[in-house]
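Below: the structure, in structure tokens.
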Amino acid sequence: MRTHLSLVAAAAILAACSKPADTPVAKVIVPAASAVVADAHPEGIAWKQAASDADVDAAFAQAKAERKPVFLYWGAKWCPPCNQVKATLFNRVDFIERSRAFVPVYIDGDSPGAQKLGTRFKVRGYPTMVLFNPEGAELTRLPGEVDASQYTQVLTLGMNAQRPVKQVLADAQAGGKGLTPNDWKLLAFYSWDTDEQQVVPKDKTRAVLDQLAGACPADQPDTASRLLLKAVAATDEKDAGKADAATRDKVLALLGDARASRAHMDVLTNWPDDIVNALTKPKTPERAKLVQAYSAALKTMEGDATLSRADRITALDARVKLAQLDQPKGAKLPDALLADVREHSARVDREITDGYERQAVITAAGHTLQEAGLGAESDALLQANLAKSHSPYYLMSQLASNAKKRGDKDAALRWYEEAFAKSEGPATRLQWGSSYVTNLIDLAPQDEARIEKAVAQLFDEAAGQPNAFYERSARSLEKVGGKLVGWNKSRSHAQAVQRLQIKLDGVCAKLPADDAQQRGVCEGLLKPPAAASKKTA
């Protein structure tokens, strides 16, 4: 299953905000429902800010003493879905009141020890939300995709759970005897996208979801429908179009039911092309029928004023994806759909006043405009919002991606470089620096001096960070290392890479001698894949 559209969008933001703006990430959907937002609440959520093992251990000690669960939130300032959560979930009165019943822990991915904590808790994509019992055992991972009312219900289910979701899953796979409706719902609303193989190996997720969908009792149709949709969305490309007619008919019936479609809005809006490709073969009557029903359901969601602006523009983006199925690359979309994209993008730009919401929604609008073939209008929207964004480097990465798609290499590299220069926070700077370097190698491989200078700067910054070779930061640096190895495959840049290796050796030498994980990553960065795997084995 490929990563879906986040609040800023498929080609732009994984799992979660797992990558800079030219790559996909995870989405959060929460309703506008301003009447329940705690604008005047004097306290808000009593977050325990955690930047080290000691901070986390103290929070768990408090939870144990008070017999409360721990709610762990992993996010970042720039991440669009994180901003959406802040704008429309964490400031709701009902959520704030509910937070009194657990110990809320916030790990900012750019805090000093965050990436090491990410390794400890097996969290990567922003945002990830995990619920632990008072003894510190992980109960479940909460989905960021559902709306706020569903989120509160799922949170309550998790808090009341007697067993970790892993045990519930084992019982379901063993026949499901004794499982309650709430157990099945806990499985249906588990955050499979941020599981990080804690419950199921990644390559087994589709099979497990298939099994659960088939085993879910018939008297729980909404839960069974959600499991079915998740299973269909997780279909491998090699199995596309092989779904049976009965499965297709179930999805068609769901799309024709406004209440059911609204209940599963997050799945339907995030994976439209995956679902259609799984259920039908290209250019068939079955596909045409499915796309027509699907598009109609999405249009209803787009106009649903009870949904957040982020939800509604994600529904619009999904309509664009469906319109592009079976069409030649670059084919012009229908005029009516283009008019909707233009009008919707202009409206959200005009109406949004909250900075968090703007970061989430304008980035999504910029992506949708680009995907609809309106690149110049996407650029204009993003550039007009640079001064309004608290993290403009994210928008700059989108501008770079737009330029790259239209073949303007110089403009793309200018934006990637500026985005790196303006990025803030240790992990974020390594991530944006990695994006700049990899695109520099892709677009200007002959510019050895510029590449060497950028990589040297990245290594210098890594040297100044105590946890640069953990989790997301490690992946950013590994991406650079792999790109450099490929760039020098013919040995045409051997001297530059040798100089960089010497600099990297100095960084590795300063790492703690007992930190085998960081040293292994550091020492393997510029080694060919086979050599690096032996080094870290």
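The values are calculated or read from the model by the stated rules, or taken from the named source; none is laboratory data. As the structure is a computational prediction, the values presented were derived from the model and not from experiment. We place every Cβ from the backbone using ideal geometry, glycine too, and count neighbours over all the protein chains shown. Areas reflect the complete protein model, heavy atoms only, side chains present, ligands, DNA and RNA absent. Shrake-Rupley method; radii C 1.70, N 1.55, O 1.52, S 1.80 Å.
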Between THR306 and LYS329, Cβ-based FRET efficiency (R0 35 Å, step 0.05) works out to 0.45
Applied in sequence order to the stretch 441-456, the curve 6.51 cos²θ - 1.76 cosθ + 1.60 (Karplus, θ = phi - 60°) yields integer Hz couplings, x standing for Gly and Pro, of 5, 5, 9, 9, x, 7, 8, 4, 4, 5, 5, 4, 4, 5, 5, 4
Residue span GLN498 to ALA288: 0.36 nm per residue of separation minus Cα-Cα distance leaves a gain in nm of 70.0 nm
Over the chain, with neighbouring protein chains present, the accessible area per residue in Å² at probe 1.4 Å is 40
Karplus ³J(HN,Hα) for the stretch 469-485 (6.51 cos²θ - 1.76 cosθ + 1.60, θ = phi - 60°; Hz, whole; x = Gly/Pro) runs 10, 10, 6, 4, 5, 4, 5, 4, 6, 5, 5, 5, x, x, 5, 5, 4
Taking only the Cα positions of the chain, the convex hull volume per residue in Å³ is 154
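Give me the percent relative contact order of the stretch 259-417, please, defined on Cα pairs under 8 angstrom at least 6 residues apart.
15
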Too long for a 31 Å Cα-Cα cut-off, among LYS204/LYS479; LYS242/LYS479; LYS68/LYS166; LYS185/LYS242, are LYS242/LYS479
Taking a straight Cα-to-Cα line shorter than 17 Å from LYS64, and setting aside same-chain aspartates and glutamates fewer than 8 residues away, one finds ASP53, ASP55, GLU135, GLU138
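Summing Lys, Arg as +1 and Asp, Glu as -1, what charge do residues with Cβ under 11 Å from the Cβ of PRO181 carry, PRO181 excluded?
Value of the local net charge: -2.
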With every protein chain in place, the accessible area of HIS390 for a 1.4 Å probe, in Å² rounded to the nearest 10, comes to 60
Everything considered on the Cα gyration tensor (a ≥ b ≥ c; rounded for a/c under 1.5, else prolate if a/b is larger than b/c, else oblate), the stretch 153-208 must be described as oblate
With DSSP loop assignment and no more than 16 other C-beta atoms within 10 Å, the trypsin sites (Lys or Arg not before Pro) in the stretch 314-345 are LYS329, LYS332
Hits in the stretch 403-443: amide N under 18 Å from the 7 Å Cα→Cβ extension of LYS453, namely 410-423, 433-443
The chain: antiparallel bridges as % of DSSP beta bridges, rounded to 5, reads 55
Measure of exposure for GLU371: accessible area at 1.4 Å probe, Å² rounded to 10, is 60
Of every hundred units of 1.4 Å-probe accessible area on the chain, the number belonging to carbon and sulfur atoms, as a percent, is 53
With the 8 Å Cα cutoff and a minimum separation of six or more residues, the stretch 50-127 has a relative contact order in percent of 48
Semi-axes of the stretch 58-216 from the Cα gyration tensor (sqrt of 5 times each eigenvalue, largest first, whole Å) come to 25, 18, 16
Among beta bridges assigned by DSSP with both residues in the stretch 33-184, the antiparallel ones amount in percent, to the nearest 5, to 55
On each of the three principal axes the extent of the alpha-carbon atoms of the stretch 181-316, given in whole Å and largest first, is 36, 35, 30
Rg from C-alpha atoms of the stretch 276-330, normalised by the globular rule of thumb 2.2 N^0.38 Å, equals 1.22
Extension length gain for SER490 and LYS204 (0.36 nm per residue less Cα distance), in nm, is 99.2 nm
One quarter of the C-alpha convex hull surface, i.e. the mean projected area of the stretch 42-141 in nm², amounts to 6.1
Bounding extents of the stretch 440-522 in its principal axis frame from Cα atoms, largest first in Å, are 39, 22, 20
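Run the helix sum for the chain: -39,500 (n - 2.57) per DSSP H stretch of 4+ residues, divided by residue count, reported at 222 nm to the nearest 500 deg cm²/dmol.
Rounded to the nearest 500, the figure is -18000 deg cm²/dmol.
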For the pair GLU135 and LEU386, the simple spin-label estimate (label points 7 Å beyond Cα toward Cβ) gives in nm 5.5
